[in-house]
Amino acid sequence: MADAAAATPPAPAAPVAETPSSGLTSAQVAEQRSSGLTNAGGERTSRSVGEILRANILTRFNFLLGAMLAVILAVGQPQDALFGIVLVTNALIGIVQELRAKRTLDRLAVLSAPRVRVIRDGTPHEIAVADLVAGDMVDLRAGDQLVADGVVRASTSLEADESLLTGESEPVGKRAGDRLLSGSFVVAGSGGYQATGVGADAYARQLAAQARRYAPVRSELMNGINQILRWVTWAIAPVAVLLVISAVHGHQTRRQAASGTVAALVGMVPQGLVLLTSVAFGVAAVTLARRRVLVQQLPAVEGLARVDVVCLDKTGTLTDGTIAFDSLIRLDGHAPAEAALGALAGDENRNATLAAIGQAFPPPDGWPRQAAVPFSSARKWSAASFAGHGTWVLGAPEMVLPGGQQDQLSQAAGLAASGRRVLVLARAAGPLEGESLPPGLRAAAFVLLAERLRSDAAQTIAYFAAQDVALKVISGDSPLTVSAVAARAGLPQAGRPADARDLPEDPGALGRLLEERSVFGRVTPQQKQAMVTALQARGHTVAMTGDGVNDVLALKLADIGIAMGSGAPATRAVAELVLLDSRFATLPGVVAEGRRVTANIERVANLFITKTVWATLLAVAVGLTLLPYPFLPRHLTIIDTLAIGVPSFFLALAPNTRRYRPGFTGRVLRFAIPAGTIIAAATFAAYALARARGLPLVQQRTAATLVTLILSLCVLVLLAAPLTWRRIVLVGAVLAGFVLLFPVPAIRGFYELQLPHSGLATTLAVAALGAAALGIFWVLSRRRGRGPPPVVRQ
């Protein structure tokens with residue numbers, strides 16, 4: 001997606017016929033639908049069935065393996081075409097798995113899809129975004145994201161944030177006749193607008209719907225795997241030429257040459273690696289979906305594993321999000337504080353705070369509203385003027401009270417230290433003028449609101465502390481209030497809150513302060529963005545949680561944006577993950593799932609790339625020495641299935657909580673190249689010794705197969721460490737499966753296996769030396785810190 005700051009809004013559209021305040025009629029809506037003037041855009045959370053089929057069937061390696069399968073079927077033996085079964089099975093597993101994930105994600109997307117309020121036939125309706133038609137009258141409230149372009153028809157202090165489109169962070173006031181663009185969102189006030197540009201005609205529709213479009217995985221893991229696959233592709237052609245020259249020089253038959261060359265090339269291809277990576281991501285998405293977490297962008301799964309800082313708000317995360325009136329402390333005994341609070345709360349577009357106050361103080365009679373300024377995160381106050389009663393302001397004491405009223409500010413700070421939210425109710429005789437505080441404000445009362453701490457907050461914070469993930473509580477409330485709540489939840493360093501009004505503007509200094517402190521109060525939306533950027537500049541991977549409009553830009557800047565399902569539509573639209581149950585306690589499971597997937601993909605990649613290395617080196621060695629290839633394709637099918645394919649599925653889905661570290665490709669190659677070289681050398685030695693003893697070719701190949709399988713199992717054991725009883729059973733079952741190929745003559749003949757009885761001791765000795773070399777390499781690599789990290793089990 002292009003940089004939003006570089007976007008230029010389109011020129012004003014031509015005037016359109018104005019829809020009456022009663023909205024469109026049912027007949028007009030039907031006419032617009034028949035003309036195709038709807039807001040349907042075809043967004044989806046996953047690929048279509050056709051795209052899934054193409055992605056799993058039409059791959060470079062499927063073409064390559066398919067061509068080799070055709071060669072074997074044409075000139076070789078049917079037994080050597082067994083890798084074709086693996087080819088088809090891999091594709092089927094990938095298709096079935098992704099279809100399952102598609103059904104789950106699509107279902108959740110429907111459940112969490114945004115709705116829009118419209119007026120039709122004079123009656124308000126809530127409809128799906130796709131059902132909006134050109135000309136509809138849309139009702140707007142704070143937190144709504146615009147899903148179509150339009151023209152304002154009614155405005156009550158309506159303010160829109162267009163920063164996702166223009167890069168300008170300051171809200172823009174909107175009055176009747178002004179344009180509104182899709183992708184922007186309402187930060188204050190209310191109003192209504194007429195939709196004029198819908199569907200493909202809506203400007204920046206992709207910004208509002210980006211999270212609901214399928215996005216291919218773009219990550220360090222996938223980039224590293226694709227790079228390795230490109231290297232393998234480049235190596236295939238010269239190795240094939242070398243083997244053909246060797247076959248011609250050795251006067252091999254056409255069948256022998258084809259079987260040997262195909263076996264070598266099939267061995268070089270890490271057939272199941274891409275499949276297992278896709279399956280692992282798909283399983284993670286489905287697993288998270290069962291936990292009521294919607295993965296809107298697949299890279300989020302990998303990003304979760306890298307997260308080392310989580311920024312969160314107090315309200316709705318540490319607390320349960322419900323606000324209740326606690327008490328009223330009068331500062332002016334003559335001021336009608338209760339009536340004023342009831343009058344302020346008597347706003348149809350009131351926020352959660354005014355709703356809680358409204359439950360305690362009903363609207364009084366005789367307080368007609370003349371003008372109002374809605375609450376915004378930047379101002380941190382709201383106000384209204386009433387005929388005969390002056391102007392009343394409700395907001396944060398630090399933002400509302402003049403600097404001279406230090407006694408009240410000190411009293412407010414003391415109350416905030418108890419963990420309750422403190423607002424000041426102030427009055428002025430004059431009317432409201434614009435969106436500035438009226439002169440002559442005097443404090444009338446403190447309003448105390450209580451928030452209940454979530455029962456699972458302490459446990460969740462303890463999990464992140466144990467996992468070395470730092471938590472930063474970033475709130476618009478008083479630092480003392482936030483500090484008290486965070487301390488009750490057990491947050492480390494909660495007793496050293498920072499007031500955002502005193503934060504340094506220099507990114508470096510801000511980053512250092514963020515690493516030292518854990519609680520920040522009175523934070524503005526612009527400061528949230530600066531905080532995320534400062535942490536990223538210091539090498540941190542940042543996850544940001546949010547549910548309000550003031551969180552939108554910070555969510556987009558964070559490496560992982562996490563929206564609450566109960567939050568504003570704008571936050572859900574831009575986040576990579578949506579916690580549908582809005583529970584902070586869901587996050588540990590989300591992070592653990594990301595770590596499990598990425599750590600296990602790296603472990604499985606070591607297994608597959610090691611096989612690619614030894615297969616390539618072995619092919620080059622026999623080609624240069626002009627020897628027949630030591631395997632038939634059916635032998636490699638045995639090794640692939642028993643020592644790599646089946647075990648890798650278990651490893652890919654095993655528990656693992658290790659945090660992902662950069663450098664995936666380098667770590668894999670530092671393990672796979674030495675390990676693969678040892679296996680290739682031992683296999684070639686066993687094959688050459690059997691050949692030197694004059695054993696039949698079938699016994700030479702069996703000796704090579706035996707050594708390769710034993711050493712591949714050694715690699716499996718090293719990568720699966722520490723060995724649990726389940727993994728011991730897995731390795732034992734694989735070994736038993738190979739042994740059982742020999743007793744039955746028909747099976748032994750089918751796979752063309754025959755133990756070299758006169759050279760079995762030598763073969764096993766070579767395997768033992770190879771195993772010892774692998775063990776030494778493993779110990780040395782771990783001491784140098786260059787080997788694969790150990791599995792961390794939950």
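The values are calculated or read from the model by the stated rules, or taken from the named source; none is laboratory data. Since we're looking at a predicted model, the values are computed, not measured. When we count neighbours, we look across all protein chains shown, and the Cβ atoms used for this are built from the backbone with ideal geometry, even at glycine. SASA here: full protein model, heavy atoms, side chains in, ligands and nucleic acids out. Shrake-Rupley method; radii C 1.70, N 1.55, O 1.52, S 1.80 Å.
The calculated P(r) of segment 375-501, using every Cα pair and 5 Å bins from 0, goes 2, 10, 18, 19, 16, 12, 9, 6, 5, 2, 1, 0 in percent.
Applied to segment 121-136, the Karplus parametrisation 6.51 cos²θ - 1.76 cosθ + 1.60 on θ = phi - 60° returns per-residue 3J(HN,Hα) values of 6, x, 10, x, 9, 10, 10, 5, 4, 5, 8, 5, 10, 4, x, 4 Hz, with x for Gly and Pro. Considering the zone a paramagnetic label at R255 would reach in this model (a point 7 Å from Cα along the Cα-to-Cβ line), which residues of segment 608-649 have amide N under 19 Å from it? Zone members listed by number: 628-636. Averaged per residue, segment 432-579 has 36 square angstrom of accessible surface, using a 1.4 angstrom probe with ligands and nucleic acids left out. One chain, two ends: R488 and L755. Fully extended at 0.36 nm per residue, the span grows by 89.1 nm beyond their Cα-Cα distance. Each peptide in 712-719, 531-538, 407-414 was scored by the mean count of other Cβ atoms within 10 Å over its residues; highest first, the order is 712-719, 531-538, 407-414.
Residues whose amide H falls under 5 Å from that of Q370, counting only those 5 or more places apart or on a different chain, are S385, F386, A387, with hydrogens built in the peptide plane. With both labels modelled 7 Å from their Cα along Cα-to-Cβ, the A154 to T233 distance reads 5.9 nm. Packing around the peptides 327-339, 386-398, 672-684, 343-355, taken as the average count of other Cβ atoms within 10 Å per residue, puts them in this order, highest first: 672-684, 386-398, 343-355, 327-339. Each peptide among 618-630, 467-479 gets the average number of other Cβ atoms lying within 10 Å of its residues, and from highest to lowest they stand as 467-479, 618-630. On full extension, the segment bounded by E433 and L740 gains 101.6 nm, given 0.36 nm per residue less the C-alpha separation. Of all aspartates and glutamates in the structure, the ones whose alpha carbon falls short of 20 Å from that of K611, not counting any fewer than 8 places away in one chain, are D80, E602, D640. Listed values for segment 231-237 are Karplus-derived 3J(HN,Hα) couplings in whole Hz (6.51 cos²θ - 1.76 cosθ + 1.60, θ = phi - 60°), namely 4, 4, 4, 5, 7, 5, 4, and x replaces Gly and Pro.
Ignoring aspartates and glutamates fewer than eight residues from K174 along the same chain, the ones with Cα atoms less than 15 angstrom from its Cα are D139, D144, D149, E159, D161, E162, E435. Sorted from longest to shortest, the spans of the Cα atoms of segment 667-794 along the three principal axes equal 46, 31, 21 Å. Shape call for segment 480-602 from the C-alpha gyration tensor, a ≥ b ≥ c root eigenvalues: rounded (a/c under 1.5), prolate (a/b greater than b/c) or oblate? Note, shape of segment 480-602 comes out rounded. Of the solvent-accessible surface of segment 407-451, computed with a 1.4 Å probe over protein heavy atoms with every protein chain present, carbon and sulfur atoms account for 49 percent.
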